[in-house]
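Report on the structure given below.
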Amino acid sequence: MKLTFLGLPDHPEAKVALIPAPLEVTTSWQKGTKEAPTEILKVSPNLEFFDEETNLEPQEVLGFFTYPVPELPFDIKKALDLISENVRETLKEKKFPVVIGGEHTVTLGSVKVLKEFYKNLKILHLDAHLDLREEYLGSSISHATVMRRIYEMGIPVLSVGVRTLCKEEYEFIKKVKFPVLWMKELKENWEEGIKKLENFVKEGEIYLSLDVDVFDPSLAPGVGTPEPGGLDWYEFLQILKLVVRYNLIGMDIVEVKPSSGNAITEYLAAKIIFKVSSYLAKKYETF
């Protein structure tokens with residue numbers, strides 16, 4: 001039986017497409033991200049189907065279509081090609097793509113297609129880490145290099161919530177003046193940080209790449225590389241509402257590592273998908 005978001009049948013005129021991408025090839029510490037799409041979809045029926053902020057049921061306003069959870073090949077380039085195919089089909093059908101990883105490398109599969117459809121594409125990258133290494137563990141295509149590869153495509157990136165990096169990344173961001181909105185910077189002056197974020201997202205087409213370790217581990221313990229001092233729920237919602245206000249054209253949610261007996265992080269991921277859809281539904285209703 002196919003898993004679907006909220007456990008609901010696929011909507012015949014769905015405007016949101018969920019694309020499971022159980023990629024786990026380059027994960028370097030705690031394993032398990034390949035199980036995330038399945039587990040996130042499994043917990044999603046336990047959400048309330050009504051959004052308390054917008055007073056809407058996004059499944060009624062927009063509708064959801066969920067792709068089957070695939071068996072991805074271990075060859076990372078072939079796996080990314082399969083993800084790209086689903087994203088391309090989604091965009092051709094004018095649906096909003098939500099890619100559910102898997103490791104952060106899945107973003108490359110999305111961006112490869114997105115840049116064909118959107119000439120002013122930008123990536124809003126929420127993450128505890130920069131993911132800007134030239135290579136990692138002998139591979140140039142990796143969860144730790146994904147934003148470096150996107151930067152090399154000439155696509156503007158703003159990394160938000162970062163609170164750890166390696167020396168190579170430190171030297172790289174100084175050399176190329178790579179824009180980073182540090183978590184410490186946000187916590188110390190939230191309003192100023194949000195202004196910087198808004199200046200980035202108010203023009204162009206925005207793709208949100210959300211690594212769940214951007215949250216504090218007290219909220220999202222089920223990640224491969226947890227870092228203390230992350231976003232809380234309402235800080236994240238403020239960022240999300242701001243982005244949706246402009247031109248959010250798709251997103252991915254990555255690096256959830258399901259934990260046996262504790263589905264809090266999988267539930268959080270499902271809730272994020274629901275909240276994004278609720279905000280999009282509210283915006284859709286105003287047109």
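Among the conditions (1) more than 22 Å from PRO156 (Cβ to Cβ); (2) of a type outside the set (D, E, K, R); (3) at pLDDT 95 or above; (4) touching a Gly at 6+ places or on another chain (Cβ under 9 Å), SER259 misses just one, which is (3).
Can you name the residue in the range 27-36 that is in a loop (DSSP other than H, G, I, E, B) and touching a His at 6+ places or on another chain (Cβ under 9 Å) and is also surrounded by the most Cβ atoms within 10 Å (Cβ to Cβ) among such residues? Break it down into steps so the answer makes sense when it comes.
Within the range 27-36, the subset in a loop (DSSP other than H, G, I, E, B) is 27-32.
Now restrict to residues that are touching a His at 6+ places or on another chain (Cβ under 9 Å): 27-28.
Values: THR27: 22, SER28: 13.
Looking at residues that are in a loop (DSSP other than H, G, I, E, B) and touching a His at 6+ places or on another chain (Cβ under 9 Å), I get THR27.
Given the criteria exposed (fewer than 13 other Cβ atoms within 10 Å of the Cβ) and without any contact (Cβ under 8 Å) to a residue 60 or more places away in the chain, does TRP190 qualify? Taking the combined requirement at face value, the residue satisfies it.
Look through the range 237-271, keep the residues that are small (Gly, Ala, Ser) and outside any helix (DSSP H, G or I), and return whichever of them is nearest to the chain's Cα centre (by Cα).
GLY250
With more than 20 Å from the chain's Cα centre (by Cα) and surrounded by 14 or more Cβ atoms within 10 Å (Cβ to Cβ) as the only criterion, which of GLU169, GLU135 stands out?
On the way: GLU135 fails: surrounded by 14 or more Cβ atoms within 10 Å (Cβ to Cβ).
When all the criteria are applied, what remains is GLU169.
Picking from TYR234, TYR279, which residue would you name as being in a helix (DSSP H, G or I), crowded, with 20+ Cβ neighbours inside 10 Å, modelled with pLDDT of 95 or more and not polar (S, T, N, Q)?
Working: TYR234 fails: crowded, with 20+ Cβ neighbours inside 10 Å.
Among TYR234, TYR279, only TYR279 is in a helix (DSSP H, G or I), crowded, with 20+ Cβ neighbours inside 10 Å, modelled with pLDDT of 95 or more and not polar (S, T, N, Q).
State whether the residues of the range 246-258 include one that is of a type in the set (Phe, Trp, Tyr), in contact (Cβ under 8 Å) with a residue 60 or more places away in the chain and out of contact with any His (no Cβ under 8 Å at 6 or more places or on another chain).
No: zero hits.
Applying the set (1) in a helix (DSSP H, G or I); (2) surrounded by fewer than 23 Cβ atoms within 10 Å (Cβ to Cβ) to SER218 leaves exactly one unmet item: (1).
Residue-wise test of (1) over 20 Å from the mean Cα position of the chain (by Cα); (2) surrounded by fewer than 22 Cβ atoms within 10 Å (Cβ to Cβ); (3) in a helix (DSSP H, G or I).
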{"residue": "MET1", "(1), (2), (3)": "yes, yes, no"}
{"residue": "HIS11", "(1), (2), (3)": "yes, yes, no"}
{"residue": "ALA17", "(1), (2), (3)": "no, no, no"}
{"residue": "VAL25", "(1), (2), (3)": "no, yes, no"}
{"residue": "THR38", "(1), (2), (3)": "no, yes, yes"}
{"residue": "PRO45", "(1), (2), (3)": "yes, yes, yes"}
{"residue": "GLU48", "(1), (2), (3)": "yes, yes, no"}
{"residue": "GLU60", "(1), (2), (3)": "yes, yes, yes"}
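The values are calculated or read from the model by the stated rules, or taken from the named source; none is laboratory data. Since the model is a prediction, treat every value here as computed from it, not as a measurement. All Cβ positions, glycine included, derive from the backbone under ideal geometry; neighbour counts span all protein chains shown.
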